[in-house]
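What follows is a short report on a single structure.
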């Protein structure tokens, strides 16, 4: 089973701790809609990444078996440390080019689309970056880092980056010189002028100091998080695809195929020697979906069930493979889109959600094992009843008004 | 040092010369020289008996076939394009194309690298025919000849005193010298 399954309870409990600590310090570092949307981004990225393992691990194994120079022993501590350092070096370049090449930014923009900076932001991951991120690690396969060691080191690097997504930890003294910390990662997520294209490191910040991309957090300037061209949506599918859609439209407007190619390889702002427009922090306003409290509670509750379902999905994938897990994966994605649509008060989301709930009720009675293992009759009745109650409650809710709210914003 | 290693050394030296000569004005030519040069350096080690260099040499050669030759063809065909003129654009082009090519080959499309290199050579030949540039036309023909002898003959075949692999290396030296060293105006073909 994916190790992420074991990390999910840690993620959720630390998010709760962060909310509580922020509350007692009088800081507003969370927005329910944003945080729930981040979790949905994370959930569907896990679903997609499960299916794209061929790209992430499969190609690595193939290159390792064909071109490896050496066979690294797994029992050497020194080599494990070296593997972490080398992996992080590759990660630095991967991350940097994810920011500097428009085609790759289309995937990575997802992670930066939140205008809040908290532990849930760490879980806001791209569903498309698995298609190209593997390229940056192929030199490790050629060096002879075994696939198992590679997978574990990748997990260490990924999990390390979780805790640095918080506003509640201040500067950390000497630690700042060597390692990525919440302070220097806040700069990375900022859209202030001094924050753009800075601090790409995963575990070690020394790469940024070495390659000239380091910027220290400024005391006199509050960091505003997010991207210069905000997506202004909580929809996880649109969040993953919007930049590619823009890029495609731009490429179609280009005068020939070479111009389209240049556009894809250019930095997100295009090939220009001009400085970025000045960012006015005082005029910055976060995206507010203005979701009613009742709807936030409804979506949050369903998000918890979706996380449980993700655990079931990963378990099914482990035993039955891609074909067996596909229906569950599709259901998770549809649910995520539907719930985030409700957060945005989209009209279509109400109908999609009601259809989903009706389908759950019918399927629970007619097809006991349609999603995961067959449940006992009492459980099925309970789920079907709950789905019908939700359906009826939803019918009483007014979910219109997003367009007007956006216009007002 | 045996004859194979020597031929790779010659190629590595030519590539270094091209790289340092063209890196400022034509990165689209310098980057292919760098990629092929790295492969040649691994080749020198491999043919000198350094066993661990075998994998890196094969990997770098595959990467060069998938990335360097298409970039070379692009830069010669469109010399005023930012991908030919900007270091970042040229290196991004090579990196993404090389990564995709390596993946295609290890996932089963075994001839991808050969096809990319051969197609690139044909594009270069066509460009030089249109430009009526005799020196570079000679370079394009040397490039094609190098690929032909590698594909057409077994690695252990002999032509006088050179094997097909050595022949490829020497013909690449000639091709690179003719195509990339001269700093005359590049043949912009519309």
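None of the figures in this text is laboratory data; all of them are computed from the coordinates on show. The shown structure was predicted, so the numbers you read here are calculated from the model rather than taken from an experiment. FYI the Cβ positions are ideal-geometry reconstructions off the backbone, even for glycines, and counts take in every protein chain you see.
Full extension of the segment from residue A:131 to residue A:218, taken as 0.36 nm per residue of separation minus the current Cα-Cα distance, would add 27.8 nm.
Taking label positions 7 Å along the Cα-Cβ direction at both residue A:294 and residue B:2, the computed distance is 8.2 nm, reported to one decimal. Per residue, the average separation of C-alpha pairs within less than 8 Å and at least 6 apart gives chain A a relative contact order of 18 percent.
Place a point 7 Å from Cα of residue A:178 in the direction of its Cβ. Which residues in region A:205-249 have their backbone N less than 15 Å from it? Counting only backbone N, you get A:205-207.
As a test of the formula, what do you get for chain A when each DSSP H run with n ≥ 4 contributes -39,500 (n - 2.57) and the sum is divided by the residue count, at 222 nm and rounded to the nearest 500 deg cm²/dmol? Could the numbers behind the result be given before it?
Numbers: 17 runs with 257 residues, N = 409.
Taking each H run of at least 4 residues, the total per residue is -20500 deg cm²/dmol.
Could you give the nm distance between label points at residue A:77 and residue A:276, where each point is 7 Å from its Cα heading toward the beta carbon? Rounded to a tenth, the inter-label distance reads 4.2 nm. Rounded to the nearest 500, the 222 nm mean residue ellipticity of chain B from helices alone is -24500 deg cm²/dmol, with -39,500 (n - 2.57) taken per DSSP H run of at least 4 residues.
Enter the Cα centre distance for the pair region A:227-247 and region A:324-400, rounded to the nearest angstrom. With region A:227-247 and region A:324-400 each reduced to a Cα centre, they are spaced 26 Å.
For region B:22-112, rounded, prolate or oblate, judged on the Cα gyration tensor with a ≥ b ≥ c (square roots of eigenvalues), a/c < 1.5 rounded, else prolate if a/b > b/c?
Working: a/c = 2.92, a/b = 1.53, b/c = 1.91.
It comes out oblate by the Cα gyration axes.
Mean per-residue shielding of peptide A:129-136 is 2, counting Cβ atoms of other chains within 10 Å of each Cβ.
For the peptides A:104-117, B:124-137, A:193-206, the ranking by mean Cβ contacts within 10 Å, running from highest to lowest, is A:104-117, A:193-206, B:124-137. The residue B:152 and residue B:51 beta-carbon pair, evaluated with R₀ = 30 Å, returns a calculated FRET efficiency of approximately 0.55. Scoring A:166-176, A:138-148 by mean Cβ neighbours within 10 Å over their residues and listing the highest first yields A:138-148, A:166-176.
Across peptide A:388-399, the average count of Cβ atoms from other chains found within 10 Å of a residue's Cβ is 0. By the gyration tensor of its Cα atoms, with a ≥ b ≥ c the square roots of the eigenvalues, what is the shape of region A:1-136: rounded for a/c under 1.5, prolate for a/b over b/c, or oblate? Because a/c hits 1.5 or more and a/b exceeds b/c, region A:1-136 counts as prolate.
Considering all alpha-carbon pairs of chain B, what whole percent are spaced by more than 21 angstrom?
Numbers: 8332 of 17955 pairs.
Everything past 21 Å amounts to 46 percent.
In this label model, residue A:284 and residue A:389 are separated by 4.2 nm, measuring between points 7 Å along each Cα→Cβ vector. Averaged over the residues of peptide B:95-108, the number of Cβ atoms from other protein chains lying within 10 Å of each residue's Cβ is 5.
Ratio of Rg to Rh for the protein assembly as shown, alpha carbon only, Kirkwood?
Values: Rg = 27.4 Å, Rh = 26.8 Å.
For the protein assembly as shown, the value is 1.02.
For residue A:193 and residue A:249, the difference between the fully extended length at 0.36 nm per residue and the C-alpha to C-alpha distance is 17.4 nm. A Förster distance of 45 Å, applied to the separation of the beta-carbon atoms of residue A:377 and residue A:65, puts the FRET efficiency at 0.35. Compared with the dominant principal axis of the Cα atoms in chain B, helix B:87-106 is inclined by about 40°. For the pair region B:117-168 and region B:24-75, the centres of their Cα atoms are 16 angstrom apart.
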